[in-house]
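A short worksheet on the structure shown next.
The values are calculated or read from the model by the stated rules, or taken from the named source; none is laboratory data. Just so you know, these numbers come straight off a predicted model, no measurement behind them. A quick note on method: Cβ atoms are made from the backbone with ideal geometry, for glycine too, and the neighbour counts reach across all protein chains shown.
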Amino acid sequence: MTTLDPQSGVGRLALRDAEAVIREAVEAGTLERAQAEALAASARDPQVFEALLEAAHESKLRGKGKVVTVSKNIFIPLTNMCRNRCNYCTFAKTPDNPAVHNFELAEVGEAVAGGVKTGCIEALFCLGDKPEIAYRFHRDWLAERDYRTTTDWIVEACDVALEGGMLPHTNAGILDQEEMARLRVNNASLGLMLESTSQRLREKGGPHFHAPDKDPARRLRMHEEAGELRIPFTSGLLLGIGETDEERVDTLLAIRDIQATYGHIQEVIVQPFHPKPDTKMHDVQPIDDRDVAMWVAMARLILGPEMNIQAPPNLAPEVLEMLLRSGLNDWGGVSPVTVDFINPEAPWPALRELRDRTEAAGQLLRERLPVYPNYIEAGRDWFDDAVFDALPRFMDAKGFAKNTTGSDVEAA
Ligand code: SF4
């Protein structure tokens, strides 16, 4: 029996019907649109919520066993200028802001040396989208250093990281296929959060109205082009910027479809948006922690037991135990050195705390590289030779990080 959800008009499932949908999803290893929408409309009922989490955890155990992974990283925000102006962003700065900063290569080298010293493997380059399109200041800065584009500069920065003893992973916003091919030469993987397939969010008054690179079609195309280049790729769903449950389901289904075609989606991040005081969206109601767990579980059921599902532990620190039973198998990048520049108000947990809480939930924490073991096992085809040949320096026989056994991840 169903009742209609007053907001979405989608039929809510009675507990017994919800349990049947959930069971079928676990057995089939996926969940179709109509069932996913009905389940999402029903999952705020506490009993359906518990059944959903239990099933998602079972699916995770089938695909990933007890292992939960983490990547020890340093976060290098190469530039905090960006051509876009998302209404919720506190990261991007305009050239007149004293906090604006571009990393010189020497600074990258220093950050990398600090990362190596503290046992980090991943150099995460996360930066604004092509600021040269918006700002003469940035164009001049690049020209003074003989760079034509930001991508020219990223390629050199990633060389510094790889030569300095770390594995780069870059998220530089929208890149074309030629740019990604250049970055494939020294990156273990690349990333771009799909965020949402909702076109509505780009309308006037919406969070992405002033953000041309947040056009979902453009982001989907970049996912496909990365697949054509055989680049292990990180995607994700952003929660709480005004999207509906149906749009969340649609986003996860779009990622599932791309993965079915190309097989390169190495992980899917389920990331809650935290309102920031100095932004247009400062007074938006933050998403409930239970909803984060619910969407981790929905991602697990839609994307199946083999997908790597990640939730950042610093964005829902009170409910790590709930997340650990909602189907995730990865905590993402956690740094003993640098802050989360996107969410500077949210400190990383110490790795020892993460290990203790993961183990207390009956699971095992293992350190991974910025690329998952199944791509390494699949071989050279997924990497440029220089990257593939560098991997043995960092990994154990199973493709996890070297010098970590079981849950033996050293604390900061
Ligand atoms: S694209 Fe990213 S960095 Fe640029 S304004 Fe939007 S959220 Fe901020």
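Computed values, structure above
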{"quantity": "Residue in segment 57-70 that is among the acidic types (Asp, Glu) and touching an Asp or Glu at 6+ places or on another chain (Cβ under 9 Å) present", "calculated": "no"}
{"quantity": "Residues being within 14 Å of the ligand (Cβ to nearest atom) and either of a type outside the set (Gly, Ala, Ser) or surrounded by fewer than 22 Cβ atoms within 10 Å (Cβ to Cβ) (or both) - total across segment 212-238", "calculated": "9"}
{"quantity": "From Leu194, Leu167, Leu201, residue being away from the ligand (no atom under 14 Å from the Cβ), touching a strand residue (DSSP E or B) at 6+ places or on another chain (Cβ under 9 Å), among the hydrophobic types (A, V, I, L, M, F, W, C) and in the same structural domain as Leu252 (by TED's automatic domain parsing)", "calculated": "Leu167"}
{"quantity": "Filter pass, Leu124 being more than 13 Å from the ligand (Cβ to nearest atom), within 24 Å of Leu238 (Cβ to Cβ) and not β-branched (Val, Ile, Thr)", "calculated": "yes"}
{"quantity": "Condition broken by Lys130, with the remaining ones in (1) touching a residue at least 24 places away in the same chain (Cβ under 8 Å); (2) on the phi > 0 side of the Ramachandran plot; (3) away from the ligand (no atom under 16 Å from the Cβ) satisfied", "calculated": "(3)"}
{"quantity": "Flag if Ala134 is among the aliphatic types (A, V, I, L, M) and more than 25 Å from Ala350 (Cβ to Cβ)", "calculated": "yes"}
{"quantity": "Segment 373-395, subset in contact with a helix residue (DSSP H, G or I) (Cβ under 9 Å, 6 or more places away or on another chain) and not in a helix (DSSP H, G or I), residue surrounded by the most Cβ atoms within 10 Å (Cβ to Cβ)", "calculated": "Phe383"}
{"quantity": "Complete set of residues in segment 213-240 that are of a type in the set (Val, Ile, Thr) and over 22 Å from Leu328 (Cα atoms)", "calculated": "Ile231"}
{"quantity": "Test: residue in segment 45-63 that is more than 16 Å from the ligand (Cβ to nearest atom) and aromatic (Phe, Trp, Tyr)", "calculated": "yes"}
{"quantity": "Meets criteria (in contact with a strand residue (DSSP E or B) (Cβ under 6 Å, 6 or more places away or on another chain) and away from the ligand (no atom under 16 Å from the Cβ)) for Ala106", "calculated": "no"}
{"quantity": "Enumeration of residues in segment 207-223 that are free of Cβ contacts under 8 Å to residues at least 40 places away in the same chain and either assigned to a loop (DSSP other than H, G, I, E, B) or among the hydrophobic types (A, V, I, L, M, F, W, C) (or both)", "calculated": "Asp215, Ala217, Leu220"}
{"quantity": "Residue in segment 83-101 that is more than 16 Å from the ligand (Cβ to nearest atom), touching an Asp or Glu at 6+ places or on another chain (Cβ under 6 Å) and assigned by TED's automatic domain parsing to the domain that holds Pro370 present", "calculated": "no"}
{"quantity": "Breaking point among (1) over 15 Å from Arg219 (Cα atoms); (2) surrounded by fewer than 21 Cβ atoms within 10 Å (Cβ to Cβ); (3) in contact (Cβ under 8 Å) with a residue 24 or more places away in the chain, for Arg248", "calculated": "(2)"}
{"quantity": "Where a residue in segment 286-297 is farther than 20 Å from Asp250 by Cα and its partner, wherever it lies, is assigned to a helix (DSSP H, G or I), with Cβ under 9 Å and at least six apart", "calculated": "Asp288/Met294; Asp289/Glu318; Asp289/Val319; Asp289/Met322; Asp289/Leu323; Arg290/Phe49; Arg290/Val319; Arg290/Met322"}
{"quantity": "Filtered residue count, segment 174-206, keeping only those that are touching a residue at least 60 places away in the same chain (Cβ under 8 Å) and touching an Asp or Glu at 6+ places or on another chain (Cβ under 7 Å)", "calculated": "3"}
{"quantity": "Number of the condition not met by Ala111 [criteria: (1) aliphatic (A, V, I, L, M); (2) in contact with a Lys or Arg (Cβ under 9 Å, 6 or more places away or on another chain); (3) away from the ligand (no atom under 16 Å from the Cβ)]", "calculated": "(2)"}
{"quantity": "Failed item, numbered, when Ile287 is tested on (1) in a helix (DSSP H, G or I); (2) closer than 23 Å to Thr234 by Cα", "calculated": "(1)"}
{"quantity": "Filtered residue count, segment 253-281, keeping only those that are surrounded by fewer than 20 Cβ atoms within 10 Å (Cβ to Cβ) and modelled with pLDDT under 95", "calculated": "8"}
{"quantity": "Elements of type strands (runs of 3 or more DSSP E) in segment 120-197, at least 1 residues being buried (at least 23 other Cβ atoms within 10 Å of the Cβ) and of a type in the set (Phe, Trp, Tyr)", "calculated": "122-126"}
